[in-house]
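Below is one structure; the comments refer to it alone.
The values are calculated or read from the model by the stated rules, or taken from the named source; none is laboratory data. This is a predicted model, so every value here is computed, not measured. All Cβ positions, glycine included, derive from the backbone under ideal geometry; neighbour counts span all protein chains shown. Note: areas computed on protein heavy atoms with side chains; ligands, DNA, RNA excluded. Shrake-Rupley method; radii C 1.70, N 1.55, O 1.52, S 1.80 Å.
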Amino acid sequence: MQNHLHKADSLYLKQHADNPVNWYPWCNEAFEKAQEQNKPIIVSIGYAACHWCHVMAHQVFEDPKAAQLMNQHFIAIKVDREEKPEIDQIYMDAVQMITGSGGWPLNVFLLPNGKPFYGGTYFPKAEWMSLIERLAMTFKQQPDLVRKTADEIQGKLNRNEQILQKGQMASSDYEQITSQLLKQWKANYDTENGGGKGAPKFPMPVKLNGLLSITLSQHNQAVMDQIGYTLISMASGGIYDHVGGGFARYSVDKSWDVPHFEKMLYDNAQLLPLYAKVGYITNHPFLQNVVDETFDFLTHEMKRTDGLFATAIDADSEGEEGKFYTWKYDEFTEIVQDSKWIDHFHVQPEGNWEKTNVLRIDPEKITALDSHTIKNQIDALKPLKKQLFDQRARRVRPVRDDKAIAAWNALLAGALLDTYKITRSAAHFDQAKGIAVFIAKIWREKSYIPRILNYHAGHGMLDDYAFSANAFYKMYVHTHNREWLTLSDEIFQQALELFKSAEQDLLNYYPLNQQLFTKKTDWIDTVMPSSNAMMAQVGFSLGYVLENGEYLALVQQMLKRMGSLMVQHPLMLGSWIDVYHQTKEKPFVSIGKQVDKEALLNECLKFNLWPDVLPLTNGKKDSIIVCKGNTCFEPVKDIEQAVALLRK
């Protein structure tokens, strides 16, 4: 029997097209079948690079007996969470409410009308089959109980949304928020390994970036040192690919040693400017080399032929997790004979993980060295890494999910432009421009931002709009081409039309004309910044440049709505804290046509300043106007004077 996934564009759905389960994609037909046959629905959500999704597929969905039970009692729907993130988010909220935890694969059981009544994540075959039978029986014998449960879940989710959007707002003090952020960071900081305490351990660049903004503003050297050590520890551990560059999604341990080997575009995009900025401030060659290697990874491994960037690279190859990235002792020492480097990477005859070796180094070996020695070490390792890379390239490669997500590509474009601000590398700017030009072309053709840029998968979500508007604004800052500013403003305005209701301060994640069982406000940072926070950031920048008071008022209202949450959970809201910080201190410098922009930027770099340098539209050709947050100074004509104002 052929299921309904054979015509899917999504790699993840294609991977399930030959399952004996009669999968449907997310579509009206599936819900109509459920209504006609009075069957509950299974929605199984995952993504192509998800290791445990593959495990459950092999154990359960490829098994004829399990499939027969599912087909007999349920209508089954497969969803790629990256293609339809709104479906993933609303049902993840439901499962977290039901079970107290979430993750992928995400398996949710629905009424024919789409309301969830039960769910979970990974299930072994026996447990899954038993669950299927129990839930099918309960649905038939106690339908009122099942409907009541679904109504209760929906009611709780709706109430949570109402509390967030309409609850009493508390004005928050900026100093109180930053004080709480530093207090929580100190309590959660892992002094031995960097980052947060416990395992598994995620890079969480959003958190680190928000913390970095406050740290630089307050000249807090102690926290700056902790951020630097965190970045060194991450790039020393096995979570970092010492042969090919780039970071895996997370480490399974507390010391960054053993990764969960899939590589995601969003992690590497965000880590690039973070490493660039801290590397520049600390003048640390190890961190600066990570920028170079991660950029090389992105352009060589993640870049598609059309100039866009793929979503992810799988953790598995030849049916084994991490096989492409790990080394047997004999295989490694055939290339690297010097015992110094064998010990450097912790390569052992018996293996350092499951009888094979994950390459990693001790962070203390980096922190104990001076810059000159580190540079020599980097140079000495380059030919060895090249040999290891060439040998590894002969292996069976993990599958790459080639879909180009608008939000993630725009996120990368913005990150590359932030990196370019620091490195002044034309390669960083050129890659960002290529992405921006492609998205702009799609926007002009379709008059909307789609979710997927390389095939049709429906309308974009709030993050697709927010990150695209942000990338276009940053293109304007770097080029002074007003077309980019116009594009950013057009996308921002359409986002307000599509996602914002008049009575709410924060925007819905999916378009308001889309019918789902509950609304969803993306307010909290995950591995990516909150899309509402990104809208606030873009709104502030556009409001300043366009002198749009409505945009600026909206940003203040959004920040007010989030005020008490920022005080309570600052570590979870790094992107919001960054926005709040920008409204207080973001530097804008407007320059006349006769002012040397590059000379100004180079002078700013000497003092770790990265202002948005804008063209002066009204004023003398030799004038420089400096603003910080919502405060502007009198015009000056001298670059040194302008930088002195920025340093105030």
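The table below gives the values:
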read-out	value
³J(HN,Hα) computed for each position of region 230-239 - Karplus, 6.51 cos²θ - 1.76 cosθ + 1.60, integer Hz, glycine/proline x	4, 5, 5, 5, 4, 6, 8, x, x, 5
Long-range amide H partners of ASN107 with built H, under 5 Å	ILE45, GLY120, THR121
Computed lengthening from PHE607 to ILE378, 0.36 nm per intervening residue step minus Cα-Cα distance	79.8 nm
Solvent exposure of region 1-50 as accessible area per residue, Å², 1.4 Å probe	45
Debye intensity ratio I(q)/I(0), log10, region 145-204, q values 0.13, 0.17, 0.24 Å⁻¹ (C-alpha model)	-0.71, -0.82, -0.91
Members of LYS474/LYS620; LYS65/LYS519; LYS328/LYS382 lying beyond 28 Å, as alpha-carbon distances in this model show	LYS65/LYS519
Distant-in-sequence amide H partners of GLY102 (H built 1.01 Å from N, under 5 Å)	none
Gyration tensor (alpha-carbon) shape descriptor, the chain, a/c threshold 1.5	oblate
Size of charge dipole - region 230-304 - debye, nearest 20, with Cβ of Lys, Arg +1 and Asp, Glu -1, no other charges	220
Cut-off 20 Å, label 7 Å out along Cα→Cβ of GLN96, residues of region 250-271 by amide N	250-251, 266-267
Region 474-586 shape via C-alpha gyration tensor axes, a/c threshold 1.5	oblate
Difference of contour (0.36 nm per residue) and Cα-Cα distance, GLN176 to ASP430	87.4 nm
Per residue accessible area of region 408-546, 1.4 Å probe, in Å²	32
Tensor-based shape of region 86-244 (alpha-carbon gyration tensor, a/c under 1.5 rounded, otherwise prolate or oblate)	oblate
Cysteines without a disulfide-compatible neighbour (Cβ-Cβ under 4.7 Å), the chain	CYS27, CYS604
Binned Cα-Cα distances of region 383-532, short to long, each 10 Å bin given as a whole percent	10, 34, 31, 16, 7, 1, 0
Test item: Cα-centred dipole of region 343-498, Lys/Arg +1 and Asp/Glu -1 on Cβ, debye	560
3J(HN,Hα) from dihedral phi, region 576-586, Karplus parametrisation 6.51/-1.76/1.60, rounded to Hz, x for glycine, proline	5, 5, 4, 5, 4, 4, 5, 5, 8, 9, 4
Whole-number accessible area per residue in Å² for region 190-240, which is evaluated in the context of all protein chains at 1.4 Å	33
Packing-based order for 439-449, 199-209, using average beta carbon neighbours within 10 Å, highest first	199-209, 439-449
With eigenvalues of the C-alpha gyration tensor scaled by 5 and rooted, region 234-333, Å	22, 18, 13
Signed unit charges on C-beta, dipole axis of region 353-512, positive-most listed residue ALA368, ALA393, TYR420	ALA393
Size of electric dipole in the chain: Cβ of Lys, Arg +1 and of Asp, Glu -1, about Cα centre, debye, nearest 20	780
Carbon + sulfur, % of accessible area of the chain - ligands and nucleic acids excluded, 1.4 Å	48
Helical mean residue ellipticity (222 nm; -39500 (n - 2.57) per DSSP H run of 4+; nearest 500) of the chain	-17000 deg cm²/dmol
Top positive-direction residue, dipole computed over the chain with Cβ charges, set SER501, LEU573, LEU157	SER501
From the C-alpha gyration tensor of region 1-45, square roots of 5λ in Å	19, 11, 9
Farthest toward positive dipole pole in the chain [+1 Lys/Arg, -1 Asp/Glu at C-beta], among GLY307, GLN557, TYR280	GLN557
Cross-link pairs beyond the 18 Å C-alpha cut-off, checked among LYS263/LYS421; LYS201/LYS386; LYS606/LYS648	LYS263/LYS421; LYS201/LYS386
Residue-by-residue Karplus 3J(HN,Hα) for region 452-469, coefficients 6.51, -1.76, 1.60, Hz, glycine and proline x	10, 8, 10, 7, 7, 9, x, 5, x, 9, 4, 5, 4, 6, 5, 6, 5, 4
